[in-house]
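The values are calculated or read from the model by the stated rules, or taken from the named source; none is laboratory data. Worth saying up front: this structure is predicted, and the values here are computed from it rather than measured. A quick note on method: Cβ atoms are made from the backbone with ideal geometry, for glycine too, and the neighbour counts reach across all protein chains shown.
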Amino acid sequence: MGKFTTVQPGKTPASLGLLGAAAFMVIADARVIDPLLYIIAKEFHVSVGSAAVIISAYTIPYGLFQLVYGPLGDRIGKLKVITAALAAFAIGTAICAFVSNILLLTLLRFLTGVAAAGIIPVTLAYIGDNFPYEERQAAIGKYLSALMLGQILGGSLGGIFGEYISWRDIFLVFGITSLAVAGLLWRLTRHHRDGNRQRGRLSWQMFQPYYQLITQPTARIVILGVFIEGFCAFGGYAYVGAFLRDQYSLPYLAIGFMLSGFGFGGLIYTYSVKWLVRRLGEIGLIGVGGWLLCFGFLAIALFQNWVLFIPLTILMGLSFYMIHSTLQTQATELAPEARGVAVSLFAFSFFMGQGIGAAVFGLIVDNYGYAPCFILTGVAIALLSTWLVKTKRNHSES
């Protein structure tokens with residue numbers, strides 16, 4: 001199990017609060033698109049499914065570049081990587097406010113996704129280096145609180161700016177704020193420890209640990225599971241905001257606040273994680289979470305009442321993080337000697353799933369409508385949780 005790393009006297013782990021602020025900006029920036037997808041599609045005269053290319057353009061490089069940032073953080077220092085990535089992310093996000101067409105916005109979202117890839121997963125690996133396994137779930141839970149706030153305020157702010165100001169201005173605000181956080185983080189990196197570091201020069205050989213990790217049966221289950229989770233959960237959820245606008249003609253402000261319920265559900269999880277783990281265990285979290293999330297998607301598709309969406313989205317956020325946080329905690333222990341690699345491979349799989357899922361479900365929405373998209377999503381998640389529970393039980397019994 002992971003233990004505290006031996007470091008220089010007088011050095012302490014960097015503040016989870018400041019690291020959480022960086023995570024907040026990344027998540028808020030990603031989720032702000034959800035209530036704005038319909039209005040962006042209208043401004044650039046494309047379909048909702050076509051406009052969703054800006055989601056895939058962000059999440060696919062976000063996932064792909066985990067393979068680079070993981071070993072990079074293990075060698076040169078995770079805090080240095082996080083700080084540099086956040087600064088680049090801030091600049092790219094701010095420039096998004098000035099684009100003139102969907103192609104330029106797609107390109108900038110791609111570059112921003114490349115930079116954002118070096119923040120959250122590398123931070124999770126940093127937490128893994130500095131907190132023992134028995135305390136890690138709680139530490140990750142606290143860190144996830146910042147992510148939940150990003151989920152909540154990202155959607156809400158997107159709705160406010162879409163309704164009253166401009167969708168462009170929100171990117172400018174996020175960019176400037178992120179740059180300020182990067183500056184504060186840079187000042188603190190000189191006084192805080194960076195956990196484990198691997199020796200050696202950067203080369204193509206730094207990718208070998210990924211191959212070694214994926215040869216482990218347990219690792220393959222976690223990595224494949226989180227890919228399917230990202231593909232279904234966020235691939236399908238990306239169209240809920242457009243569905244609410246198209247189906248019920250709700251104002252963007254209302255849509256933004258309603259989508260924020262997903263983050264509220266996640267926040268409930270972070271405050272109840274210890275109780276849930278004691279009552280359900282890892283197998284129970286995955287099983288119950290999967291079927292509750294399935295119910296949420298089916299209810300959105302079949303119950304023609306937007307008022308029901310308010311409690312449903314909170315339930316969906318809670319159930320999603322019951323699955324995701326469990327898989328995430330397992331990922332931090334796949335390779336204790338190289339957690340940057342393990343967590344980066346986990347994030348690579350998750351966000352590649354999101355990017356590909358958004359593109360695939362976009363085709364379904366454009367050709368068959370929203371209901372088939374949500375029904376397929378719910379059924380797939382239920383099957384995923386059933387498979388994960390079965391494999392976990394088989395592993396425990398063997």
- Result of the Cβ filter at 6 Å on region 64-80, keeping first residues that are at positive phi and partners that are outside any helix (DSSP H, G or I) and at pLDDT below 80, at least 6 apart or interchain, is 77/194
- Task: Kindly provide the set of residues from region 40-59 that are buried (at least 21 other Cβ atoms within 10 Å of the Cβ) and assigned to a helix (DSSP H, G or I), ordered by number.
- Result: 48, 49, 51, 54, 55, 56, 57, 58, 59
- Query: Which one of 331, 301 is crowded, with 17+ Cβ neighbours inside 10 Å and within 20 Å of residue 370 (Cβ to Cβ)?
  - Reply: 301
- Answer yes if at least one residue in region 356-370 is surrounded by fewer than 17 Cβ atoms within 10 Å (Cβ to Cβ), touching a Gly at 6+ places or on another chain (Cβ under 6 Å) and at pLDDT 85 or above, and no otherwise. yes
- Is at least one residue of region 237-244 assigned to a helix (DSSP H, G or I), buried (at least 24 other Cβ atoms within 10 Å of the Cβ), among the hydroxyl-bearing types (Ser, Thr, Tyr) and in contact (Cβ under 8 Å) with a residue 60 or more places away in the chain? yes
- Message: Yes or no: region 324-337 includes at least one residue that is at pLDDT 90 or above, assigned to a helix (DSSP H, G or I), closer than 19 Å to residue 20 by Cβ and not polar (S, T, N, Q).
- Response: yes
- If you take the residues in region 122-141 that are farther than 12 Å from residue 329 by Cα and in contact with a Ser or Thr (Cβ under 7 Å, 6 or more places away or on another chain), which one is modelled with the highest pLDDT? 129
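Okay, residues lined up against (1) aliphatic (A, V, I, L, M); (2) modelled with pLDDT of 85 or more; (3) closer than 30 Å to residue 208 by Cβ; (4) more than 16 Å from the chain's Cα centre (by Cα):
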| position | (1), (2), (3), (4) |
| --- | --- |
| 22 | yes, yes, yes, no |
| 40 | yes, yes, no, yes |
| 46 | yes, yes, no, yes |
| 81 | yes, yes, yes, yes |
- Task: Among residues belonging to region 245-261 that are buried (at least 22 other Cβ atoms within 10 Å of the Cβ) and among the hydroxyl-bearing types (Ser, Thr, Tyr), point out the one that is farthest from the chain's Cα centre (by Cα).
- Result: 252
- Which listed residue is more than 25 Å from residue 370 (Cβ to Cβ) and part of a helix (DSSP H, G or I), from 224, 253: 224
- Note on the structure: (1) outside any helix (DSSP H, G or I); (2) closer than 29 Å to residue 224 by Cα all hold for residue 100 apart from (2)
